[in-house]
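First up is the structure itself, then whatever we jot down about it.
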Amino acid sequence: MMLRRGFILFLPRLAGLLVVACCSVSIVYMLACTPKGDNQQLALPRVHSPTAKEGYEAILQEQEEQHRNYIVSLKKQIAQLKAELQGRNKQLKNVQDQHPDPLDIQLDHSNPEKAQANLLAFLRSQIDKAEVHSGVKLSTEYAAVPFESFTLQKVYQLETGLTRHPEEKPVRKDKRDELIEVIELAVGSLNNPERDGNAKHRIYTASDFVEGIYRTEKDKGTLYELTFKGDTKHQFKKIVLFRPFGPVMKVKNENVNMADTLINVIVPLAKRARKFRQFMQNFREMGIQQDGRIHLTVVYFGKEQMNEVKSILENTSKSANFKNFTFIQLNEEFSRGKGLDIGARFWKGNNVVLFFCDVDIYFTAEFLNSCRLNTQPGKKVFYPVLFSQYNPSIIYGHHDSIPPLEQQLIIKKETGFWRDFGFGMTCQYRSDFINIGGFDLDIKGWGGEDVHLYRKYLHSNLIVIRTPVRGLFHLWHEKQCLDELTPEQYKMCMQSKAMNEASHGQLGMLVFKQEIETHLHRQKLSSKKT
(Lines give C-alpha, C1' and ligand atoms only; values in the text may rest on other atoms or scores of the structure.)
Protein backbone atom coordinates (compact mmCIF):
# COMPACT_ATOMS: atom_id res chain seq x y z
CA MET A 1 0.00 0.00 0.00
CA MET A 2 2.79 2.43 0.94
CA LEU A 3 4.75 1.49 -2.22
CA ARG A 4 1.73 2.17 -4.44
CA ARG A 5 0.98 5.50 -2.77
CA GLY A 6 4.66 6.46 -3.08
CA PHE A 7 4.53 5.73 -6.80
CA ILE A 8 1.37 7.86 -7.14
CA LEU A 9 3.16 10.74 -5.43
CA PHE A 10 6.18 10.29 -7.75
CA LEU A 11 4.07 10.41 -10.94
CA PRO A 12 3.46 14.22 -10.94
CA ARG A 13 7.17 14.76 -10.38
CA LEU A 14 7.96 12.59 -13.42
CA ALA A 15 5.55 14.63 -15.55
CA GLY A 16 7.21 17.84 -14.36
CA LEU A 17 10.63 16.49 -15.29
CA LEU A 18 9.34 15.68 -18.78
CA VAL A 19 8.08 19.24 -19.24
CA VAL A 20 11.44 20.65 -18.11
CA ALA A 21 13.25 18.28 -20.48
CA CYS A 22 11.08 19.37 -23.45
CA CYS A 23 11.67 23.05 -22.63
CA SER A 24 15.41 22.42 -22.41
CA VAL A 25 15.39 20.67 -25.78
CA SER A 26 13.56 23.63 -27.36
CA ILE A 27 16.05 26.12 -25.95
CA VAL A 28 18.99 24.06 -27.19
CA TYR A 29 17.35 23.82 -30.59
CA MET A 30 16.82 27.60 -30.79
CA LEU A 31 20.39 28.26 -29.75
CA ALA A 32 21.68 25.77 -32.26
CA CYS A 33 19.68 27.38 -35.10
CA THR A 34 20.53 31.01 -34.21
CA PRO A 35 23.19 32.66 -36.44
CA LYS A 36 26.50 33.28 -34.77
CA GLY A 37 27.65 36.74 -33.69
CA ASP A 38 30.23 38.81 -35.55
CA ASN A 39 33.11 37.55 -33.49
CA GLN A 40 32.15 33.89 -34.01
CA GLN A 41 31.27 33.85 -37.72
CA LEU A 42 32.47 30.95 -39.79
CA ALA A 43 35.38 31.56 -42.18
CA LEU A 44 33.45 32.21 -45.42
CA PRO A 45 34.96 32.37 -48.88
CA ARG A 46 35.81 35.74 -50.31
CA VAL A 47 33.12 37.42 -52.33
CA HIS A 48 35.27 37.77 -55.46
CA SER A 49 36.60 34.20 -55.13
CA PRO A 50 35.73 31.93 -58.05
CA THR A 51 34.54 29.27 -55.63
CA ALA A 52 32.38 31.63 -53.52
CA LYS A 53 29.02 30.25 -54.62
CA GLU A 54 30.04 26.61 -54.27
CA GLY A 55 31.58 27.34 -50.87
CA TYR A 56 28.40 28.95 -49.52
CA GLU A 57 26.30 26.06 -50.76
CA ALA A 58 28.60 23.49 -49.23
CA ILE A 59 28.58 25.27 -45.86
CA LEU A 60 24.76 25.62 -45.88
CA GLN A 61 24.30 21.96 -46.81
CA GLU A 62 26.62 20.89 -44.00
CA GLN A 63 24.80 23.03 -41.42
CA GLU A 64 21.42 21.83 -42.66
CA GLU A 65 22.54 18.21 -42.34
CA GLN A 66 23.75 18.80 -38.81
CA HIS A 67 20.46 20.45 -37.84
CA ARG A 68 18.47 17.65 -39.45
CA ASN A 69 20.43 14.99 -37.54
CA TYR A 70 20.04 16.94 -34.30
CA ILE A 71 16.25 17.25 -34.79
CA VAL A 72 15.99 13.51 -35.50
CA SER A 73 17.92 12.80 -32.28
CA LEU A 74 15.63 15.08 -30.26
CA LYS A 75 12.52 13.43 -31.73
CA LYS A 76 13.86 10.00 -30.74
CA GLN A 77 14.51 11.18 -27.18
CA ILE A 78 11.00 12.68 -26.93
CA ALA A 79 9.47 9.46 -28.29
CA GLN A 80 11.43 7.41 -25.74
CA LEU A 81 10.25 9.63 -22.89
CA LYS A 82 6.64 9.37 -24.06
CA ALA A 83 6.91 5.58 -24.24
CA GLU A 84 8.40 5.45 -20.74
CA LEU A 85 5.59 7.65 -19.42
CA GLN A 86 2.96 5.40 -21.01
CA GLY A 87 4.68 2.36 -19.49
CA ARG A 88 4.63 3.92 -16.04
CA ASN A 89 0.93 4.80 -16.44
CA LYS A 90 0.17 1.22 -17.42
CA GLN A 91 2.20 -0.08 -14.48
CA LEU A 92 0.32 2.20 -12.10
CA LYS A 93 -3.04 1.01 -13.49
CA ASN A 94 -2.02 -2.62 -12.96
CA VAL A 95 -1.04 -1.88 -9.35
CA GLN A 96 -4.35 -0.13 -8.77
CA ASP A 97 -6.26 -3.07 -10.26
CA GLN A 98 -4.39 -5.64 -8.19
CA HIS A 99 -4.30 -3.69 -4.91
CA PRO A 100 -7.30 -1.41 -4.69
CA ASP A 101 -7.44 0.96 -1.76
CA PRO A 102 -10.27 0.06 0.68
CA LEU A 103 -11.13 3.74 0.90
CA ASP A 104 -11.52 3.91 -2.90
CA ILE A 105 -13.99 1.03 -3.10
CA GLN A 106 -17.41 2.53 -3.63
CA LEU A 107 -20.22 0.04 -3.18
CA ASP A 108 -22.57 2.05 -5.37
CA HIS A 109 -26.00 0.42 -5.26
CA SER A 110 -27.02 2.32 -8.42
CA ASN A 111 -24.37 0.32 -10.33
CA PRO A 112 -24.34 -3.13 -8.69
CA GLU A 113 -22.12 -4.73 -11.35
CA LYS A 114 -19.34 -2.20 -10.82
CA ALA A 115 -19.71 -2.44 -7.05
CA GLN A 116 -19.45 -6.23 -7.21
CA ALA A 117 -16.40 -6.06 -9.48
CA ASN A 118 -14.67 -3.62 -7.13
CA LEU A 119 -15.41 -5.78 -4.15
CA LEU A 120 -14.18 -8.97 -5.84
CA ALA A 121 -10.96 -7.20 -6.89
CA PHE A 122 -10.38 -6.11 -3.31
CA LEU A 123 -11.05 -9.58 -1.89
CA ARG A 124 -8.60 -11.14 -4.38
CA SER A 125 -6.00 -8.57 -3.42
CA GLN A 126 -6.34 -9.68 0.22
CA ILE A 127 -4.91 -13.10 -0.71
CA ASP A 128 -1.87 -11.48 -2.32
CA LYS A 129 -1.28 -9.25 0.71
CA ALA A 130 -1.69 -12.05 3.28
CA GLU A 131 1.05 -14.53 4.17
CA VAL A 132 -0.33 -17.31 1.96
CA HIS A 133 2.03 -17.90 -0.97
CA SER A 134 5.22 -16.63 0.64
CA GLY A 135 6.55 -15.55 4.00
CA VAL A 136 6.88 -12.01 5.32
CA LYS A 137 9.97 -10.59 7.02
CA LEU A 138 9.19 -9.98 10.69
CA SER A 139 11.07 -7.74 13.10
CA THR A 140 10.85 -10.01 16.19
CA GLU A 141 9.45 -13.36 17.30
CA TYR A 142 6.55 -11.50 18.93
CA ALA A 143 5.31 -10.33 15.52
CA ALA A 144 4.62 -13.89 14.32
CA VAL A 145 0.94 -14.84 14.06
CA PRO A 146 0.65 -18.44 15.35
CA PHE A 147 -1.62 -21.09 13.90
CA GLU A 148 -4.15 -23.07 15.90
CA SER A 149 -4.88 -26.68 15.00
CA PHE A 150 -8.12 -28.64 14.94
CA THR A 151 -9.66 -32.03 14.22
CA LEU A 152 -13.29 -33.02 13.79
CA GLN A 153 -13.76 -33.08 17.57
CA LYS A 154 -11.23 -30.72 19.16
CA VAL A 155 -9.52 -27.36 18.84
CA TYR A 156 -5.97 -26.91 20.17
CA GLN A 157 -5.49 -23.26 21.04
CA LEU A 158 -2.98 -20.84 22.53
CA GLU A 159 -5.52 -18.21 23.61
CA THR A 160 -7.56 -20.20 26.11
CA GLY A 161 -9.85 -17.40 27.30
CA LEU A 162 -12.63 -18.16 29.75
CA THR A 163 -12.40 -21.97 29.47
CA ARG A 164 -8.66 -22.05 30.29
CA HIS A 165 -8.34 -25.37 28.42
CA PRO A 166 -5.54 -25.73 25.83
CA GLU A 167 -7.69 -28.46 24.21
CA GLU A 168 -11.46 -28.23 23.95
CA LYS A 169 -14.54 -28.81 21.87
CA PRO A 170 -15.36 -25.54 20.10
CA VAL A 171 -18.12 -24.32 22.39
CA ARG A 172 -18.47 -20.89 20.80
CA LYS A 173 -21.06 -21.15 18.05
CA ASP A 174 -19.22 -18.84 15.65
CA LYS A 175 -16.00 -20.88 15.88
CA ARG A 176 -17.85 -24.19 15.61
CA ASP A 177 -19.83 -23.06 12.55
CA GLU A 178 -16.69 -21.61 10.98
CA LEU A 179 -14.71 -24.87 11.15
CA ILE A 180 -17.67 -27.01 10.00
CA GLU A 181 -18.15 -24.73 6.99
CA VAL A 182 -14.45 -24.92 6.08
CA ILE A 183 -14.38 -28.74 6.25
CA GLU A 184 -17.53 -28.96 4.11
CA LEU A 185 -16.05 -26.60 1.51
CA ALA A 186 -12.84 -28.64 1.40
CA VAL A 187 -14.77 -31.91 0.96
CA GLY A 188 -16.79 -30.31 -1.84
CA SER A 189 -13.62 -29.13 -3.56
CA LEU A 190 -12.10 -32.62 -3.39
CA ASN A 191 -15.24 -34.20 -4.86
CA ASN A 192 -15.39 -31.68 -7.71
CA PRO A 193 -11.88 -31.59 -9.21
CA GLU A 194 -11.30 -28.90 -11.82
CA ARG A 195 -9.41 -31.19 -14.21
CA ASP A 196 -10.01 -34.66 -15.64
CA GLY A 197 -13.75 -34.16 -15.70
CA ASN A 198 -14.36 -37.61 -17.23
CA ALA A 199 -12.00 -39.49 -14.93
CA LYS A 200 -13.34 -41.43 -11.96
CA HIS A 201 -12.46 -40.14 -8.51
CA ARG A 202 -13.07 -41.46 -5.02
CA ILE A 203 -15.75 -39.75 -2.95
CA TYR A 204 -14.39 -37.90 0.06
CA THR A 205 -16.31 -37.35 3.28
CA ALA A 206 -15.62 -35.51 6.54
CA SER A 207 -14.35 -38.79 8.01
CA ASP A 208 -11.34 -38.55 5.66
CA PHE A 209 -10.30 -35.30 7.36
CA VAL A 210 -7.06 -35.78 9.32
CA GLU A 211 -6.24 -32.35 10.77
CA GLY A 212 -6.18 -28.68 9.96
CA ILE A 213 -4.45 -25.50 10.99
CA TYR A 214 -5.70 -21.94 10.75
CA ARG A 215 -4.70 -18.41 11.70
CA THR A 216 -6.18 -14.96 11.29
CA GLU A 217 -4.42 -11.80 10.17
CA LYS A 218 -6.78 -9.16 11.51
CA ASP A 219 -6.52 -6.82 8.52
CA LYS A 220 -6.50 -9.44 5.77
CA GLY A 221 -8.38 -12.64 6.56
CA THR A 222 -8.16 -16.23 7.83
CA LEU A 223 -5.97 -18.89 6.24
CA TYR A 224 -6.97 -22.58 6.52
CA GLU A 225 -4.79 -25.55 5.58
CA LEU A 226 -6.64 -28.89 5.72
CA THR A 227 -5.19 -32.38 5.31
CA PHE A 228 -7.25 -35.39 4.14
CA LYS A 229 -6.41 -39.07 3.69
CA GLY A 230 -5.12 -39.96 0.23
CA ASP A 231 -5.44 -43.12 -1.85
CA THR A 232 -2.73 -44.97 0.07
CA LYS A 233 -1.38 -44.98 3.61
CA HIS A 234 1.36 -42.43 2.94
CA GLN A 235 -0.53 -40.20 0.52
CA PHE A 236 -2.52 -37.16 1.57
CA LYS A 237 -4.65 -34.47 0.00
CA LYS A 238 -4.07 -30.89 1.07
CA ILE A 239 -6.57 -28.08 0.60
CA VAL A 240 -5.71 -24.43 1.25
CA LEU A 241 -8.61 -22.02 1.75
CA PHE A 242 -8.67 -18.32 2.55
CA ARG A 243 -11.52 -16.26 3.94
CA PRO A 244 -10.70 -12.64 2.96
CA PHE A 245 -11.92 -9.77 5.08
CA GLY A 246 -13.84 -7.08 3.26
CA PRO A 247 -13.08 -3.36 3.21
CA VAL A 248 -13.82 -1.17 6.22
CA MET A 249 -17.24 0.46 5.88
CA LYS A 250 -18.59 3.40 7.81
CA VAL A 251 -21.64 2.43 9.83
CA LYS A 252 -22.29 5.48 11.98
CA ASN A 253 -20.98 8.96 12.67
CA GLU A 254 -22.61 10.63 15.65
CA ASN A 255 -22.00 13.06 18.49
CA VAL A 256 -22.43 11.64 22.02
CA ASN A 257 -23.14 14.08 24.84
CA MET A 258 -22.67 12.57 28.31
CA ALA A 259 -22.68 15.84 30.27
CA ASP A 260 -25.95 15.04 32.04
CA THR A 261 -25.62 11.23 32.27
CA LEU A 262 -25.69 10.25 35.95
CA ILE A 263 -24.22 6.98 37.26
CA ASN A 264 -25.70 5.35 40.35
CA VAL A 265 -22.96 3.24 41.98
CA ILE A 266 -24.62 0.49 44.05
CA VAL A 267 -22.51 -1.27 46.70
CA PRO A 268 -23.89 -4.15 48.83
CA LEU A 269 -22.04 -4.39 52.15
CA ALA A 270 -21.83 -6.29 55.43
CA LYS A 271 -19.16 -5.34 58.00
CA ARG A 272 -15.79 -4.64 56.25
CA ALA A 273 -15.67 -1.03 57.51
CA ARG A 274 -11.91 -0.77 56.90
CA LYS A 275 -12.32 -1.78 53.25
CA PHE A 276 -15.21 0.66 52.91
CA ARG A 277 -12.99 3.50 54.15
CA GLN A 278 -10.47 2.68 51.40
CA PHE A 279 -13.29 2.47 48.85
CA MET A 280 -14.60 5.90 49.83
CA GLN A 281 -11.15 7.46 49.35
CA ASN A 282 -11.20 6.20 45.76
CA PHE A 283 -14.86 7.23 45.33
CA ARG A 284 -14.17 10.75 46.59
CA GLU A 285 -11.18 11.35 44.30
CA MET A 286 -12.45 9.71 41.11
CA GLY A 287 -16.23 9.93 41.48
CA ILE A 288 -16.81 13.23 43.29
CA GLN A 289 -13.79 15.40 42.47
CA GLN A 290 -12.91 14.28 38.94
CA ASP A 291 -16.23 13.05 37.50
CA GLY A 292 -18.94 14.82 39.48
CA ARG A 293 -21.93 13.11 37.80
CA ILE A 294 -22.37 10.30 40.29
CA HIS A 295 -24.68 8.95 43.00
CA LEU A 296 -23.78 6.34 45.65
CA THR A 297 -26.21 3.77 47.04
CA VAL A 298 -24.98 1.61 49.95
CA VAL A 299 -27.16 -1.38 50.87
CA TYR A 300 -26.01 -2.55 54.31
CA PHE A 301 -26.85 -5.94 55.84
CA GLY A 302 -27.01 -6.29 59.62
CA LYS A 303 -25.96 -3.83 62.31
CA GLU A 304 -22.39 -4.85 63.12
CA GLN A 305 -19.98 -2.01 62.14
CA MET A 306 -22.96 -0.14 60.64
CA ASN A 307 -22.37 3.03 62.69
CA GLU A 308 -18.73 3.13 61.56
CA VAL A 309 -19.79 2.81 57.91
CA LYS A 310 -22.41 5.56 58.29
CA SER A 311 -19.81 7.79 59.96
CA ILE A 312 -17.45 7.35 56.99
CA LEU A 313 -20.28 8.32 54.63
CA GLU A 314 -21.22 11.40 56.65
CA ASN A 315 -17.62 12.60 56.97
CA THR A 316 -17.16 12.31 53.20
CA SER A 317 -20.44 14.18 52.66
CA LYS A 318 -19.30 17.08 54.85
CA SER A 319 -15.71 17.36 53.66
CA ALA A 320 -16.55 17.02 49.94
CA ASN A 321 -19.95 18.78 50.08
CA PHE A 322 -21.48 15.63 48.59
CA LYS A 323 -25.21 14.96 49.08
CA ASN A 324 -25.89 12.41 46.31
CA PHE A 325 -25.90 9.23 48.37
CA THR A 326 -28.44 6.79 49.76
CA PHE A 327 -27.99 4.44 52.72
CA ILE A 328 -30.33 1.43 52.95
CA GLN A 329 -30.13 -0.90 55.96
CA LEU A 330 -31.50 -4.47 55.96
CA ASN A 331 -31.75 -6.69 59.04
CA GLU A 332 -31.10 -10.00 57.33
CA GLU A 333 -28.38 -12.33 56.08
CA PHE A 334 -26.09 -10.89 53.44
CA SER A 335 -27.10 -11.54 49.82
CA ARG A 336 -25.21 -9.66 47.13
CA GLY A 337 -27.90 -10.17 44.50
CA LYS A 338 -30.68 -8.95 46.80
CA GLY A 339 -28.66 -5.92 47.88
CA LEU A 340 -28.04 -4.84 44.28
CA ASP A 341 -31.64 -5.53 43.30
CA ILE A 342 -33.05 -3.47 46.18
CA GLY A 343 -30.59 -0.65 45.48
CA ALA A 344 -31.57 -0.54 41.79
CA ARG A 345 -35.32 -0.53 42.46
CA PHE A 346 -35.02 2.08 45.25
CA TRP A 347 -34.06 4.77 42.71
CA LYS A 348 -37.05 7.03 41.94
CA GLY A 349 -35.52 9.56 39.53
CA ASN A 350 -35.17 9.49 35.75
CA ASN A 351 -33.64 6.54 33.93
CA VAL A 352 -30.08 6.22 35.23
CA VAL A 353 -26.96 4.16 34.51
CA LEU A 354 -26.44 1.55 37.25
CA PHE A 355 -22.90 0.48 38.12
CA PHE A 356 -22.96 -2.66 40.28
CA CYS A 357 -19.79 -2.49 42.35
CA ASP A 358 -18.05 -4.20 45.29
CA VAL A 359 -16.17 -2.63 48.17
CA ASP A 360 -12.83 -4.11 47.07
CA ILE A 361 -12.97 -2.45 43.64
CA TYR A 362 -10.87 0.51 42.49
CA PHE A 363 -12.07 2.54 39.48
CA THR A 364 -10.85 5.61 37.60
CA ALA A 365 -12.75 8.58 36.17
CA GLU A 366 -11.95 7.24 32.67
CA PHE A 367 -13.76 4.02 33.53
CA LEU A 368 -16.89 5.95 34.51
CA ASN A 369 -16.92 7.48 31.02
CA SER A 370 -16.48 4.00 29.51
CA CYS A 371 -19.45 2.92 31.61
CA ARG A 372 -21.57 5.67 30.04
CA LEU A 373 -20.32 5.22 26.47
CA ASN A 374 -20.89 1.45 26.39
CA THR A 375 -24.48 1.49 27.69
CA GLN A 376 -27.60 2.51 25.84
CA PRO A 377 -31.18 1.99 27.04
CA GLY A 378 -32.88 -0.81 25.14
CA LYS A 379 -29.71 -1.40 23.13
CA LYS A 380 -26.48 -2.15 25.04
CA VAL A 381 -25.23 -3.30 28.45
CA PHE A 382 -21.59 -3.22 29.57
CA TYR A 383 -19.71 -6.14 31.15
CA PRO A 384 -16.09 -4.99 31.63
CA VAL A 385 -13.31 -7.48 32.36
CA LEU A 386 -11.40 -6.03 35.31
CA PHE A 387 -7.74 -6.51 36.19
CA SER A 388 -7.31 -8.56 39.38
CA GLN A 389 -4.37 -7.70 41.62
CA TYR A 390 -1.99 -10.36 43.01
CA ASN A 391 -0.93 -10.42 46.66
CA PRO A 392 1.26 -7.32 47.10
CA SER A 393 3.27 -9.06 49.84
CA ILE A 394 4.45 -11.62 47.28
CA ILE A 395 4.83 -9.19 44.34
CA TYR A 396 6.88 -6.69 46.33
CA GLY A 397 8.39 -9.12 48.84
CA HIS A 398 11.93 -8.38 47.62
CA HIS A 399 11.40 -4.61 48.04
CA ASP A 400 12.10 -2.63 51.18
CA SER A 401 8.41 -1.72 51.45
CA ILE A 402 5.13 -2.13 49.56
CA PRO A 403 4.47 0.96 47.40
CA PRO A 404 1.26 3.04 47.77
CA LEU A 405 -1.90 1.59 46.24
CA GLU A 406 -1.93 3.92 43.19
CA GLN A 407 1.59 2.76 42.27
CA GLN A 408 0.56 -0.90 42.53
CA LEU A 409 -2.19 -0.59 39.92
CA ILE A 410 -0.07 -1.48 36.89
CA ILE A 411 -1.35 -3.88 34.24
CA LYS A 412 1.45 -6.43 33.85
CA LYS A 413 1.61 -10.21 34.06
CA GLU A 414 3.71 -9.93 37.24
CA THR A 415 1.11 -7.78 39.05
CA GLY A 416 -2.21 -9.46 38.20
CA PHE A 417 -4.47 -11.03 35.58
CA TRP A 418 -7.63 -10.30 33.61
CA ARG A 419 -10.53 -11.68 35.66
CA ASP A 420 -12.38 -13.02 32.64
CA PHE A 421 -14.42 -15.47 34.76
CA GLY A 422 -16.06 -12.68 36.78
CA PHE A 423 -19.32 -10.97 35.82
CA GLY A 424 -20.15 -9.02 38.98
CA MET A 425 -19.06 -5.52 37.87
CA THR A 426 -21.50 -4.34 35.24
CA CYS A 427 -23.10 -1.16 33.87
CA GLN A 428 -26.62 -0.98 32.47
CA TYR A 429 -29.53 1.39 32.40
CA ARG A 430 -32.07 0.88 35.16
CA SER A 431 -34.86 0.35 32.60
CA ASP A 432 -32.97 -2.61 31.05
CA PHE A 433 -32.30 -4.13 34.48
CA ILE A 434 -36.01 -3.90 35.42
CA ASN A 435 -37.20 -5.22 32.03
CA ILE A 436 -34.83 -8.22 32.15
CA GLY A 437 -36.27 -9.23 35.55
CA GLY A 438 -33.40 -8.24 37.86
CA PHE A 439 -31.49 -10.72 40.02
CA ASP A 440 -32.56 -14.18 41.12
CA LEU A 441 -33.38 -13.47 44.78
CA ASP A 442 -33.31 -17.16 45.70
CA ILE A 443 -29.50 -17.13 45.51
CA LYS A 444 -28.01 -16.56 48.96
CA GLY A 445 -24.55 -15.38 49.98
CA TRP A 446 -21.86 -14.22 47.54
CA GLY A 447 -21.64 -15.55 44.01
CA GLY A 448 -23.85 -17.08 41.34
CA GLU A 449 -26.25 -14.14 41.00
CA ASP A 450 -23.92 -12.30 38.59
CA VAL A 451 -23.67 -15.22 36.12
CA HIS A 452 -27.46 -15.64 36.22
CA LEU A 453 -28.03 -11.99 35.28
CA TYR A 454 -25.31 -12.14 32.61
CA ARG A 455 -27.02 -15.10 30.96
CA LYS A 456 -30.33 -13.24 30.98
CA TYR A 457 -28.77 -10.45 28.96
CA LEU A 458 -27.11 -12.94 26.59
CA HIS A 459 -30.50 -14.57 25.95
CA SER A 460 -32.08 -11.19 25.17
CA ASN A 461 -31.82 -8.96 22.10
CA LEU A 462 -29.54 -6.49 23.90
CA ILE A 463 -25.91 -6.12 22.78
CA VAL A 464 -23.52 -7.27 25.53
CA ILE A 465 -20.23 -5.33 25.43
CA ARG A 466 -17.56 -7.57 26.99
CA THR A 467 -14.03 -6.15 26.97
CA PRO A 468 -10.97 -5.69 29.22
CA VAL A 469 -10.76 -2.15 30.63
CA ARG A 470 -7.70 -0.35 31.94
CA GLY A 471 -9.45 1.63 34.67
CA LEU A 472 -11.13 -1.08 36.79
CA PHE A 473 -9.19 -3.12 39.36
CA HIS A 474 -10.02 -5.85 41.85
CA LEU A 475 -7.88 -5.22 44.94
CA TRP A 476 -6.29 -8.27 46.52
CA HIS A 477 -7.73 -9.58 49.78
CA GLU A 478 -7.14 -12.86 51.55
CA LYS A 479 -9.49 -15.65 50.56
CA GLN A 480 -10.75 -17.89 53.37
CA CYS A 481 -11.49 -21.55 52.65
CA LEU A 482 -13.85 -22.71 55.42
CA ASP A 483 -13.60 -26.08 57.15
CA GLU A 484 -17.29 -26.79 56.47
CA LEU A 485 -16.56 -27.23 52.75
CA THR A 486 -16.50 -30.71 51.23
CA PRO A 487 -13.07 -32.05 50.17
CA GLU A 488 -13.84 -31.24 46.52
CA GLN A 489 -15.10 -27.73 47.35
CA TYR A 490 -12.08 -27.10 49.57
CA LYS A 491 -9.74 -28.19 46.77
CA MET A 492 -11.44 -25.84 44.31
CA CYS A 493 -11.29 -23.02 46.87
CA MET A 494 -7.56 -23.53 47.38
CA GLN A 495 -6.96 -23.58 43.61
CA SER A 496 -8.81 -20.29 43.31
CA LYS A 497 -6.78 -18.88 46.21
CA ALA A 498 -3.51 -19.90 44.54
CA MET A 499 -4.56 -18.27 41.26
CA ASN A 500 -5.27 -15.00 43.07
CA GLU A 501 -2.04 -15.03 45.10
CA ALA A 502 0.65 -14.71 42.44
CA SER A 503 1.70 -15.57 38.90
CA HIS A 504 2.89 -19.03 37.89
CA GLY A 505 6.52 -17.92 37.99
CA GLN A 506 6.20 -16.21 41.36
CA LEU A 507 4.55 -19.26 42.93
CA GLY A 508 7.33 -21.39 41.45
CA MET A 509 9.92 -19.19 43.16
CA LEU A 510 8.14 -19.81 46.47
CA VAL A 511 8.03 -23.59 45.90
CA PHE A 512 11.75 -23.73 45.05
CA LYS A 513 12.78 -21.11 47.61
CA GLN A 514 14.90 -23.56 49.64
CA GLU A 515 16.66 -24.85 46.55
CA ILE A 516 17.43 -21.29 45.39
CA GLU A 517 18.77 -20.30 48.82
CA THR A 518 21.00 -23.42 48.90
CA HIS A 519 22.40 -22.51 45.46
CA LEU A 520 23.13 -18.93 46.54
CA HIS A 521 24.85 -20.19 49.72
CA ARG A 522 27.11 -22.51 47.69
CA GLN A 523 27.98 -19.69 45.32
CA LYS A 524 28.91 -17.49 48.27
CA LEU A 525 31.19 -20.17 49.76
CA SER A 526 32.81 -20.78 46.39
CA SER A 527 33.59 -17.08 45.92
CA LYS A 528 35.23 -16.92 49.38
CA LYS A 529 37.57 -19.83 48.59
CA THR A 530 38.77 -18.14 45.42
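A few points about this structure:
- Phi angles of the range 71-76 translate, via the Karplus equation with coefficients 6.51, -1.76, 1.60 and θ = phi - 60°, into HN-Hα couplings of 5, 4, 4, 5, 4, 4 Hz per residue; Gly and Pro are given as x.
- Amide N proximity, the range 200-228 versus H133 label position 7 Å along Cα-to-Cβ, cut-off under 17 Å: 221, 223-224
- Normalised by the number of residues in the range 141-296, the average gap of Cα pairs under 8 Å and 6 or more apart makes the relative contact order 16 percent.
- Three-way shape label, the range 263-508, alpha-carbon gyration tensor, a/c 1.5: rounded
- Share of carbon and sulfur in the accessible heavy-atom surface of the range 263-508 [1.4 Å probe, %]: 49 percent
- Sorting 147-158, 73-84 by their mean Cβ neighbour count within 10 Å, with the most densely packed peptide first, gives 147-158, 73-84.
- Probe 1.4 Å, accessible area per residue of the range 263-508, Å²: 49 Å²
- Each residue of the range 417-433 was assigned a 3J(HN,Hα) from its phi angle through the Karplus expression (A = 6.51, B = -1.76, C = 1.60, θ = phi - 60°), giving 8, 6, 7, 6, 9, x, 10, x, 8, 8, 10, 7, 6, 4, 4, 5, 4 Hz with x at Gly and Pro.
- Residue (of F367, I263, A273) at the positive-pole extreme of the range 263-508, dipole from beta-carbon charges: I263
- Model label zone, L507; criterion: amide N under 19 Å from point 7 Å along Cα-to-beta-carbon; scope the range 401-430: 412-422
- Normalised by the number of residues in the range 263-508, the mean separation of alpha-carbon contacts (under 8 Å, six or more apart) gives a relative contact order of 25 percent.
- Compared with the alpha-carbon gap, the fully stretched path from T486 to V352 is longer by 44.0 nm at 0.36 nm per residue.
The values are calculated or read from the model by the stated rules, or taken from the named source; none is laboratory data. It should be emphasised that the depicted structure is a prediction, and the values quoted were computed from it without experimental measurement. Please note: Cβ atoms are built from the backbone with ideal geometry, for glycine as well, and neighbour counts cover all protein chains shown. We work out accessible area using only protein heavy atoms, side chains counted, and drop any ligands, DNA or RNA first. Shrake-Rupley method; radii C 1.70, N 1.55, O 1.52, S 1.80 Å.
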